[in-house]
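Bear in mind that the values in this text are calculations on the coordinates, not laboratory data. Keep in mind the model is a prediction, meaning the values are calculated, not measured. Here the Cβ positions follow ideal geometry from the backbone for every residue, glycine too, while neighbour counts run over all protein chains shown.
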Number of protein chains: 2
Amino acid sequence: MASQSVPSTHRPGDAARAAADPAAGLSRGAASRSTTISEVARLAGVAASSVSRVLNGHPDVSPAMRARVLDAAEMLRYEPDFVAQSLRRGATTSIGFIVRDIANPLFADIVKGAEQELETAGYSMLLMNSLGDPARDAMHLRVLRQRRVDGIILSLQSETNPDTLAALRETTAPIVLVDREVQGIEAGAVLSDHFAGVTAATVSLLELGHKRLSLIGGPFDVRATRERQAAFETACKTAGLTSANYETKLGPYTHEFGYQTMQALLEGATPPTAVIASGVQAGSGILQALDERGVVPGTGISVVICDDVEFLRLIRPSISVIARDGEAIGAAAGRLLVERMKDADAPPRTEILPTHYVARDSSAPPQRS
Amino acid sequence: MASQSVPSTHRPGDAARAAADPAAGLSRGAASRSTTISEVARLAGVAASSVSRVLNGHPDVSPAMRARVLDAAEMLRYEPDFVAQSLRRGATTSIGFIVRDIANPLFADIVKGAEQELETAGYSMLLMNSLGDPARDAMHLRVLRQRRVDGIILSLQSETNPDTLAALRETTAPIVLVDREVQGIEAGAVLSDHFAGVTAATVSLLELGHKRLSLIGGPFDVRATRERQAAFETACKTAGLTSANYETKLGPYTHEFGYQTMQALLEGATPPTAVIASGVQAGSGILQALDERGVVPGTGISVVICDDVEFLRLIRPSISVIARDGEAIGAAAGRLLVERMKDADAPPRTEILPTHYVARDSSAPPQRS
DNA sequence: CTGAAAGCGCTTACAG
DNA sequence: CTGAAAGCGCTTACAG
């Protein structure tokens, strides 16, 4: 195929040049214009529509036509213009991914997982960070709409922010939420079974003998927080603890919040003997606060961090985590989105992925006090 | 302006509906079609070209025209179609960012920095991971070309891979390289002054009395490796060490490579008393290898890691690093790219950003041996 | 200052 | 099986 000869009326090199050059003087920006479909058509001596049919694998084309077109296309190194295709087809084969903060290693894994899945299906990904600001979620949704993306993966800042909800309602592209639940909009979702993981961790800490526990971090208006808080408090109650002995401190997913909250707890009259951090950023803040006061995880206080990241494994004593597979979450989100982009009638689906409590040295019996 | 009344021949609600509905029955994918410029024109009773002029801030428009158009656009919640604009203008206001691995926290910071800079200038970012495979660099370059991105930020896998170079030569969009130098192509670049950082670290280790040092990691065909190796070996030579006493081990930027290389070194006849890791992934491999043998950084062996990440700071004993500011690197790359996208004649520029050696507990005098 | 026309690069009914 | 025409939604010379 590739080595097949050109129609004899054309001399390879010159013909290619001649066909490509005439159009070169257009006023279309700085870059050297690339070959268009009509240049291929001219060289092959056929209509542009036929070139399109061949290149798109339309069934009703003669072998002769196919050969002429493929030769011409190859000679001119023709690559179809995605922008023109997008306008004509009404689909861009691109999707948007709005993420809270790509610098969170878990999100980086999720993005990576999604990208691989989407790339296989021919989609490219526009990445946007909301950086803790719900207004940016709404803004990015607007931009993605104007860019006519075929779908959106979304890890919202807030499930209840009015601006975000308004922007979501105006969004017609299929949406897959990552670890979020939003009332009143049609969207697929990939959720994590936080309840199971936090329950396992809390029960395990209780069994070690802890009687004063804290759950730290996570904004109130997000599913993960609700699940974790419910699991944590249910486990404590079930073990017979009274509400004076366990406590949930909600706040942003930041190092700062973990740091300050842990400091405050340590200064309190009856500090907890075990803490669970909702996320690695809060977790790192907690570890810093402990380190500054010389409190050793496991010995001085038990620590469990939600989400696992590579570097966490280097810390000694080793830190217990509630792990989940970021790449698997991203891949699932990509799959669910592709499913709906390929079939507009496919109903949005929800997938729940597991979390696993991994006990390490930072989980230990409380010191006598 | 916004509250100005509609031309009296139109009743707000009905007119808007009437103008919007007729076109609703088209065969353009699943999503409810959005308003087009001609619908706005019809409602305002003007030509589409006038709507375009108003919305693009063309100077020669009468206040009356402006008002009519803005009212109509607002009433129909008109948002221009970026795809159509892109085709017509020959510019997509989107750029591509090809990164080795977004899961590397330094790259995540770089991407974040670039995104913010680009967003300010109105550009969106397509993100692609090459995942250690140079063939993916070439593939992604091809896709970005077809998507007609206005510019590309590139942190190549390899500076010499033939496929990559071929793909680069076919790229006409302006390019900014991140920490890479490629011969024979026109590209801007943001580089890090690795030479300064590694020199400072090596000199400092030598001054502490180390006489056997290793530099671990980094692929051979990348600028950072050359700079680091040159700085490391120059400093050792200058201090009077013979080549039997210092060694550079090159290899991929992976945890695995750091881990295995460190293991091998520890098993050797004369292990180094100090190592410098080229990057956090190799660094984490090295730390794991040390941990498994009970070798404590600072006490048993001095360790310096190139690049700093948040979680590294939680490790005890604390690890010395050669730090650089990822977000600043990304922001600089974004700025250089925007500069060239806005002015096709702007020559590609190179910016060199500093690195800083930060000595911590893992840098200490060698043990007597 | 405004409108009608052309055209960006494709794809897809519609004829033949 | 193939070509000519229309059109996706814009913008921009070109007339007036």
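For this structure, a couple of remarks:
- Partners of A:K237 within straight-line reach, counting lysines whose Cα lies under 29 Å from its Cα and excluding those fewer than 8 residues away in the same chain: A:K211, A:K249.
- Estimated FRET transfer efficiency (A:H58, A:E181; beta-carbon r; R0 51 Å; 0.05): 0.75
- Efficiency of FRET from Cβ geometry, B:E170 and A:R142, R₀ 35 Å, rounded to 0.05: 0.55
- The range B:233-369, Cα convex hull volume normalised per residue, Å³: 139 Å³
- Protection proxy ranking of B:191-204, B:269-282, B:39-52 - average other beta-carbon atoms within 10 Å, highest first: B:269-282, B:191-204, B:39-52
- Whole-angstrom Cα spans of the range B:299-369 along principal axes, big to small: 61, 24, 11
- The three principal axes of the C-alpha atoms in the protein assembly as shown carry coordinate ranges of 81, 68, 52 Å, sorted with the longest axis first.
- The range A:271-343, relative contact order [Cα under 8 Å, separation at least 6], %: 28 percent
- Averaged over the residues of peptide A:76-86, the number of Cβ atoms from other protein chains lying within 10 Å of each residue's Cβ is 5.
- The stretch between A:R88 and A:A230, if pulled fully straight at 0.36 nm per residue, gains 46.1 nm over its current Cα-Cα span.
- Estimated FRET transfer efficiency when R0 is 51 angstrom, pair B:A328-A:S243 (beta carbons, to 0.05): 0.60
- Longest to shortest principal axis, alpha-carbon extents of the range A:143-251, angstrom: 56, 22, 19
- Chain B: equivalent-ellipsoid semi-axes (sqrt of 5 x gyration tensor eigenvalues, Cα, Å): 57, 20, 18
- Under 24 Å from the Cα of A:K112 - lysines, other chains or at least 8 residues apart: A:K342, B:K112
- Axial C-alpha extent at least 15 Å, average Kyte-Doolittle at least -0.5 - helices from chain B (DSSP): B:63-75, B:105-120, B:194-207, B:255-267, B:280-292, B:326-342
- Working from the Cα coordinates of the range B:92-199, the gyration tensor eigenvalues give, after taking √(5λ), semi-axes of 20, 18, 13 Å in decreasing order.
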